[in-house]
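For reference, the structure is listed below as structure tokens.
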Amino acid sequence: MSPSAGKKNSVRNKNSGYGRVFWWFAGLGACLYIAWLTYLPAYSGRAGVWVQSKLDFLLGQTGYLFPVFSLYFLLELAKKNYPLLRWIRAFFSLLSLVFLASLFSLIAGVFSGLWAQRAGGIVGFKIGMVLMTAFGRFGGVLFTLIFFLAALHFLFRIPWLKILESLLKKLAAEYRDWRKEHKVLSAQIEAAKKEPPVIQIASANEEKLAEKQDKQPHKIETPSFVSGNGKKGNALPRLKSGGEGNGPSSYVLPPLELLTPPQPSAERGKPSAGEIAAASSVLEATLKSFGVDARVTGVSPGPVLTRYELTPGAGVKVSSIAGLENDIALALKAKGIRILAPIPGKGVVGIEIPNSKPAMVYLREILESPAFINSQRPLLFGLGLSADGEPKTADLQTMPHLLVAGATNSGKSILIHSIIASILFAARPDEVKFVLIDPKRLELTFYEGIPHLFDPTTSPDKVSVITNPKDAAKVLKAVVRLMEKRYEKFQLFGVRNIDAYNALALKEGRPREFFVVVIIDELADLMLVTKDSVEDSIQRLTQMARAVGIHIVLATQRPSVDVITGVIKANLPCRIALQVISKVDSKVILDSTGADALQGKGDLLYLGAGAQRPERCQGAYVSESEISKLVAYLKTQAKPDYPMLDTMTKSAEADLSALGVEPLEFSQALKLVLERRRVSQDLLKSHFGSSARATNLLSALEVKELIHKPEGSNHWEIHFDQIEDYLRRHFPQVPVQTRD
């Protein structure tokens with residue numbers, strides 16, 4: 001081709017491009033002008049009045065949509081590809097307008113023929129008359145509606161089946177919610193009917209007063225329980241496991257009105273239908289942009305987060321969706337998301353997205369739920385709300401031990417409070433007792449003086465929350481000895497566990513055994529000071545203590561391998577992970593990632609016994625003021641009380657006298673060992689002048705575990721820290737000088 005011919009073709013293409021732009025702007029201007037004339041005829045002069053009258057004559061009220069379909073017609077013609085298809089789409093845009101005008105005329109014809117012609121114009125009226133003559137009015141409306149929806153589907157690719165499916169799911173969810181509320185209300189009504197009437201014998205003066213009050217309007221009150229301090233409030237039913245055995249007969253369970261009630265709205269915190277639709281659209285578009293074919297086929301909105309269920313297309317790998325976690329979070333502008341690939345028991349992938357305005361979950365709403373009230377387990381506690389907004393509880397007796405870990409300000413301490421409070425609201429002191437160990441001296445000291453407090457090393461009148469790590473190590477050793485004593489007793493009576501023993505004791509009229517819940521609020525401090533002793537005790541308890549009713553809850557804000565060691569972790573299958581700062585910490589707690597994507601403030605992952613994957617929940621919140629009210633109420637009901645145990649330390653004087661040692665000599669021997677930093681029979685003999693005294697002192701030191709001689713060795717191991725502590729506790733008058 002010659003250069004002149006190429007130049008002519010380029011000029012021709014350039015001229016055609018200019019022409020296309022000209023016709024495009026001309027058409028756009030015409031559409032905008034028609035819209036102005038249609039919607040604002042009063043400001044359009046005679047031309048506007050004439051155009052508006054013609055549109056009203058031809059299309060009636062449908063004419064107001066003419067500018068919209070005209071603009072769509074113009075946009076279809078402006079496309080470069082598939083010229084035949086764009087003309088077909090442009091034609092269908094006008095055809096849908098005609099079908100709509102006919103539909104308006106047929107529906108309006110029910111009222112009057114004149115209004116029918118004004119509703120759809122002469123075009124709609126004529127087509128409607130033809131269809132009504134051929135098929136009747138109902139048939140004409142049906143055929144016109146089908147043609148109109150088909151035209152819209154061809155134009156805008158509207159997923160009618162998906163819309164219908166979402167609508168049916170929404171209706172089904174509303175029906176399920178209604179059924180649940182109906183069941184709860186029916187149960188409350190039945191419980192109110194079964195409440196026995198209170199019969200009182202009134203005196204003559206009271207009868208007169210009653211006659212006066214009968215003239216006044218009566219007030220209907222719901223049945224309530226009267227607490228020990230005279231206040232009325234809803235209380236949880238008494239547990240069957242406790243009965244009326246050796247516990248205080250006047251003890252009354254605390255009312256739930258001590259706790260803050262939840263917000264009345266059932267939809268609190270949940271996203272609106274528009275927000276769900278927008279998030280679903282963004283989710284599908286984001287996956288499509290990465291070449292992943294998936295559709296949102298289910299949504300489970302909750303008060304804190306919403307779970308979207310994705311159904312992958314054929315040939316789509318689940319790993320391709322799980323690898324887009326950060327990209328999906330970026331597209332949704334979410335703080336962090338969690339992907340379940342797939343959801344256990346379902347053929348879908350779950351994506352949990354935090355709500356924009358999460359709701360507060362209160363402990364009271366969990367304790368008032370049927371999941372908690374209908375249970376008779378003494379160690380059941382309220383965990384929170386699940387991802388779909390259902391109350392979630394957990395039973396410490398079936399766990400049988402629990403590990404709680406999370407970073408600072410993640411809600412770990414509040415979760416510990418909710419566990420303790422849940423049990424206190426449902427169990428009497430003769431049913432459950434707590435050994436509370438709080439090295440931080442900040443959280444568990446709230447519970448000083450409650451009747452459920454227990455320490456196997458001291459009497460009830462001296463029991464308190466353990467805050468010294470060295471004392472904690474001794475208490476854990478005493479709990480191990482208590483476990484061994486119970487095993488001996490259960491073997492003697494031929495029973496396998498505490499439930500069987502208590503059932504047998506109830507028949508024979510013997511005192512029953514109480515459950516012991518050991519709660520350690522900060523395990524890291526204990527492991528730092530007395531690692532070997534604490535780790536050995538925890539290992540033995542977690543391996544064997546379940547059958548005798550002893551359960552452990554370990555909490556730490558430093559989930560590292562030197563704190564949660566392999567020995568401890570192997571015997572703690574049930575774990576709760578709150579927000580952590582890294583994936584490594586999440587793997588230490590759960591053996592999987594996910595805790596690093598939590599939102600904090602009680603957002604947690606619960607790994608139950610036998611569960612393959614952790615379940616996400618929003619932990620229940622209980623405030624310090626609520627705990628203070630609960631503790632104050634419990635103190636009015638009873639004081640700590642439990643029988644003296646073999647593990648408890650007797651008075652120093654009586655204990656030493658049984659060993660043939662005078663207290664003054666023993667204190668001098670302790671001071672001598674601290675000063676010389678060694679111990680032997682010759683050293684004690686040279687100081688006290690008698691071989692018999694030296695032998696008795698050496699035996700006393702060994703019995704009290706202040707010194708120890710390993711097997712195969714002739715040298716004594718001296719526990720200097722325990723000697724210093726013993727002197728401060730029993731001989732405070734003896735000055736103690738410690739060495740670095």
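Just one of the listed residues (I519, I581, I568) is out of contact with any Phe, Trp or Tyr (no Cβ under 7 Å at 6 or more places or on another chain) and surrounded by 20 or more Cβ atoms within 10 Å (Cβ to Cβ), and it is I568.
Scanning region 508-527 for residues that are farther than 15 Å from K433 by Cβ and in contact (Cβ under 8 Å) with a residue 12 or more places away in the chain turns up I520, D521, E522, L523, A524, D525, L526, M527. Counting the residues of region 490-516 that are more than 15 Å from R546 (Cα to Cα), loosely packed, with under 15 Cβ neighbours inside 10 Å, basic (K, R) and in contact with a helix residue (DSSP H, G or I) (Cβ under 9 Å, 6 or more places away or on another chain) gives 1. Scanning region 463-472 turns up no residue that is closer than 26 Å to F425 by Cβ, in contact (Cβ under 8 Å) with a residue 24 or more places away in the chain and touching a His at 6+ places or on another chain (Cβ under 9 Å).
D455 fulfils the conditions (1) more than 24 Å from Q618 (Cα to Cα); (2) surrounded by 24 or more Cβ atoms within 10 Å (Cβ to Cβ); (3) within 26 Å of the chain's Cα centre (by Cα) except for a single criterion, (3). Conditions: (1) more than 30 Å from V561 (Cβ to Cβ); (2) in contact with a helix residue (DSSP H, G or I) (Cβ under 6 Å, 6 or more places away or on another chain); (3) at pLDDT 90 or above. A652 meets all but one. Number of the miss? Evaluating A652 over (1) more than 30 Å from V561 (Cβ to Cβ); (2) in contact with a helix residue (DSSP H, G or I) (Cβ under 6 Å, 6 or more places away or on another chain); (3) at pLDDT 90 or above leaves (3) as the failure. Taken over region 667-694, the criterion of being part of a helix (DSSP H, G or I), of a type in the set (S, T, N, Q) and surrounded by fewer than 16 Cβ atoms within 10 Å (Cβ to Cβ) is satisfied by Q681, S686, S691. Touching a residue at least 40 places away in the same chain (Cβ under 8 Å), at negative phi and polar (S, T, N, Q): is that true of T393 in this structure? Against the criterion (touching a residue at least 40 places away in the same chain (Cβ under 8 Å), at negative phi and polar (S, T, N, Q)), T393 does not qualify.
Residues of region 395-413 that are touching a Gly at 6+ places or on another chain (Cβ under 8 Å) and buried (at least 22 other Cβ atoms within 10 Å of the Cβ): S410, G411, K412. Counting only helices (runs of 4 or more DSSP H) wholly contained in region 557-642, the ones carrying 2 or more residues that are under 22 Å from the mean Cα position of the chain (by Cα) occupy 583-590, 624-637.
Scanning region 288-309 for residues that are more than 14 Å from G323 (Cβ to Cβ) and in a strand (DSSP E or B) yields R295, V296, T297, G298, V299, S300, P301, L305, T306, R307, Y308, E309. How many of the residues making up region 685-703 are closer than 17 Å to H719 by Cα and either aliphatic (A, V, I, L, M) or not assigned by TED's automatic domain parsing to the domain that holds P663 (or both)? Result for region 685-703: 5.
A single entry from S418, S410 fulfils the requirement of being part of a helix (DSSP H, G or I), under 25 Å from V580 (Cβ atoms) and small (G, A, S): S418.
Yes/no matrix, rows are residues, columns are (1) surrounded by fewer than 17 Cβ atoms within 10 Å (Cβ to Cβ); (2) closer than 19 Å to A172 by Cβ:
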position: G269; (1), (2): no, no
position: K288; (1), (2): yes, no
position: D293; (1), (2): yes, no
position: L305; (1), (2): no, no
position: E309; (1), (2): no, yes
position: S319; (1), (2): yes, no
position: A322; (1), (2): yes, no
position: D327; (1), (2): yes, no
position: L330; (1), (2): yes, no
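Selection over region 321-339 of residues that are touching an Asp or Glu at 6+ places or on another chain (Cβ under 7 Å) and not in a loop (DSSP other than H, G, I, E, B) gives a count of 2.
A quick yes/no check of all residues on (1) over 15 Å from K671 (Cβ atoms); (2) in contact (Cβ under 8 Å) with a residue 40 or more places away in the chain; (3) of a type in the set (K, R):
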| position | (1), (2), (3) |
| --- | --- |
| S699 | yes, yes, no |
| L706 | no, no, no |
| K709 | yes, no, yes |
| G712 | yes, no, no |
| H715 | yes, no, no |
| I718 | no, yes, no |
| E724 | no, yes, no |
| R729 | no, no, yes |
| Q733 | no, no, no |
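Out of R739, R728, R693, one residue alone is modelled with pLDDT of 85 or more and among the basic types (K, R). It is R693.
Check region 551-558 and report whether any residue there is closer than 21 Å to E488 by Cβ and in contact with a Lys or Arg (Cβ under 7 Å, 6 or more places away or on another chain). Among the residues of region 551-558, not one is closer than 21 Å to E488 by Cβ and in contact with a Lys or Arg (Cβ under 7 Å, 6 or more places away or on another chain), which makes the answer no.
The values are calculated or read from the model by the stated rules, or taken from the named source; none is laboratory data. Since the structure is predicted, the reported quantities are computational estimates derived from the model, not experimental observations. With ideal geometry, Cβ positions are generated from the backbone for all residues, glycine too; neighbour counts draw on all protein chains shown.
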